[in-house]
Each structure stands twice: as structure tokens, then as C-alpha cells.
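Structure record follows, encoded as C-alpha cells.
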Amino acid sequence: MARPPMLEHSHDPADIARRLRDGPQPSYLRDWVYGGIDGTVTTFAIVAGAVGAQLSTRYLLILGAANLLADGLSMAASNFTGTRTEIEEYHYLRAMEERHIDVEPQGEREEIRQIFRTKGFEGQTLEAAVDTITGRRESWVDTMMVEEHGMAPMTRSPMRAALATFAAFVLCGSVPVLPFALGAPASVAVSAAMTGLTFFLIGSFRSRWSPVPWWRSGLETFAIGMASAGVAYAVGDVLQKLL
């Protein structure tokens, strides 16, 4: 007899009540993945370009360190601003829905009615659902935010998002320059191998929250990252020959 599949969480009534009470928790996975991939790609692209241009190890390390700090901070600042903009948009739309309920409550009730009609509610069941949802203002606004605007009542911290991006950028972006900093033999080959492994691990880690198999996600990230690095190397090699 086959064993039932392992589920991600318990369905005990007490556990369900606790999860619903605590509400959804914000995720910063995308910030880590975004920062990690970009840090590895851009830093290895600089390494590949510097090697292609036959720059000394000293200049390679300077360029790599400058990229880690400057580009990492730039990405963190951009993510901070973007996340803050999302929060501001959410509050703007929520205030708009609050105002519409005050000014045109019947119109907002009709919106709820049509939303639930598309979900299969009909007749008295539909009207009971409309009365129940519009009977509590907070639930009414929450429903409109999700169903009309596609925005769940969950706020991500702009600072945490920025820090996650910066930390992943610096951590993963350090990998391509590490062999050169340590003076490892065959630094170029070691850097390429470590960078490729980093791409693969980032993609594999991402697959934990994706229906895509871990190996496919890893290979996809590996291919994208190494292709970017190859372009950078080719550009550096061509410019070195021309200048």
C-alpha cells in the first residue's frame, strides 16, 4: 500500500486556527534569489571581461570589489524604493475602496455580488454571501483589495527586502573573485567552476518554492548566468585587441 504524500503543514483544527490567526507571513525569497543571481552574474561578468582584456589581478580585484559594494547598494536601494512603492500603492487603493464604500455603498455591494457570481454563487446563497461580507467593513475592504486589485493584506518590510538583496548580492557575488583574492592556481578555471556551481545552487534552492524540478531550475539559472559571463568575456577580448 502506497504511503500518502508528505504535506507541507498540519490540518489539525487547532493548527489551522493558529495559521489563520497569525495570517500570511511575508516572504523575502525573491529578494535573496534576485540579489544572488545578479551579484554572481555581474561580478563574474566583470571578472570575465577583465580576463578577456588581460588586466592584472590587482585591477580585477579592484573592479570586483567596486561592483560588489556599488552595484549591491544600488540594487538594495532600488528594492527598498520598489517595495515601499508597493506599500504606498496598497494603502492608496485601500483608502480609495474605503471612500467608495462611504460614497457609493450600493455600487460596492454590486461589485461584491458580481465577483461571487463569477465564483458560482447564485440566488439566496449569493445574497447571503454579499450580506455577510458587506456586514463587516474590514472584510468588505479586504475582499475588494484581493478580488478587484489582486493585492493581499500582507506588507513586506522595505528594509528587510533591501538587506536580503544586498546580503545575497555580496555573498554570491564574492564567489567569482575569491580564487583571485586567494591567489589560487588556475584562478580563471576555478572561478568559472565556482561561479557555475553558485548559479546551479541558487536555481536549485529556488525550486523548493516552485513546481519546476530542482535540476531543471538549477540548469536554467546556470545557463543564463554563464551565457552572460561568456558575452562579457567576448566583449573584453575584442576591446583588448582593438584598443
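Can you tell me which of GLU89, GLU104, GLU97 is within 29 Å of the chain's Cα centre (by Cα) and open to solvent by 80 Å² or more (accessible area, probe 1.4 Å)? It would help to see each step written out before you state the result.
Values: GLU104 fails: within 29 Å of the chain's Cα centre (by Cα); GLU97 fails: open to solvent by 80 Å² or more (accessible area, probe 1.4 Å).
GLU89 is the lone residue from the list that is within 29 Å of the chain's Cα centre (by Cα) and open to solvent by 80 Å² or more (accessible area, probe 1.4 Å).
Farther than 30 Å from LEU69 by Cα and at pLDDT below 95, is that true of HIS100?
Values: farther than 30 Å from LEU69 by Cα: yes; at pLDDT below 95: no.
Judged against the criteria, HIS100 is not a match.
Just need a number here: residues in region 16-66 that are open to solvent by 40 Å² or more (accessible area, probe 1.4 Å), within 20 Å of ALA161 (Cα to Cα) and touching a Gly at 6+ places or on another chain (Cβ under 9 Å).
Total meeting the criteria: 2.
How do the pairs read when you match residues in region 20-31 that are in contact (Cβ under 8 Å) with a residue 40 or more places away in the chain with residues anywhere that are exposed (fewer than 10 other Cβ atoms within 10 Å of the Cβ) and in a helix (DSSP H, G or I), using Cβ under 9 Å and keeping only pairs 6 or more apart or on different chains?
LEU29/ARG208
Quick one: what pairs do we get from region 222-243, first residue free of Cβ contacts under 8 Å to residues at least 24 places away in the same chain, second open to solvent by 90 Å² or more (accessible area, probe 1.4 Å) and in a helix (DSSP H, G or I), C-beta under 7 Å, 6+ apart or different chains?
none
I'd like to verify a number: residues in region 173-217 that are in a helix (DSSP H, G or I) and either more than 13 Å from GLY36 (Cβ to Cβ) or touching a Lys or Arg at 6+ places or on another chain (Cβ under 6 Å) (or both), how many?
Qualifying residue count for the region: 20.
Looking at region 213-222, is at least one residue open to solvent by less than 80 Å² (accessible area, probe 1.4 Å) and within 18 Å of SER27 (Cβ to Cβ)?
yes
Looking only at region 144-186, which residues are open to solvent by less than 20 Å² (accessible area, probe 1.4 Å) and of a type in the set (Gly, Ala, Ser)?
ALA161, ALA162, ALA164, ALA168, GLY173
Would you confirm, using the coordinates I've provided, whether THR43 is in a helix (DSSP H, G or I), under 22 Å from ALA193 (Cα atoms) and in contact (Cβ under 8 Å) with a residue 12 or more places away in the chain? Break it down into steps so the answer makes sense when it comes.
On the way: in a helix (DSSP H, G or I): yes; under 22 Å from ALA193 (Cα atoms): yes; in contact (Cβ under 8 Å) with a residue 12 or more places away in the chain: yes.
Here the answer is yes, as THR43 does meet what is asked.
Here are the criteria: (1) farther than 19 Å from SER174 by Cα; (2) open to solvent by 50 Å² or more (accessible area, probe 1.4 Å); (3) not hydroxyl-bearing (Ser, Thr, Tyr). Tell me which single one LEU201 does not satisfy.
(1)
The values are calculated or read from the model by the stated rules, or taken from the named source; none is laboratory data. All figures in this text were calculated on a predicted structure; none of them were measured in a lab. Reconstructed Cβ throughout: ideal geometry from the backbone, glycine too, with neighbour counts over all protein chains shown. All accessible areas refer to the heavy atoms of the entire protein, side chains included, with ligands and DNA or RNA removed. Shrake-Rupley method; radii C 1.70, N 1.55, O 1.52, S 1.80 Å.
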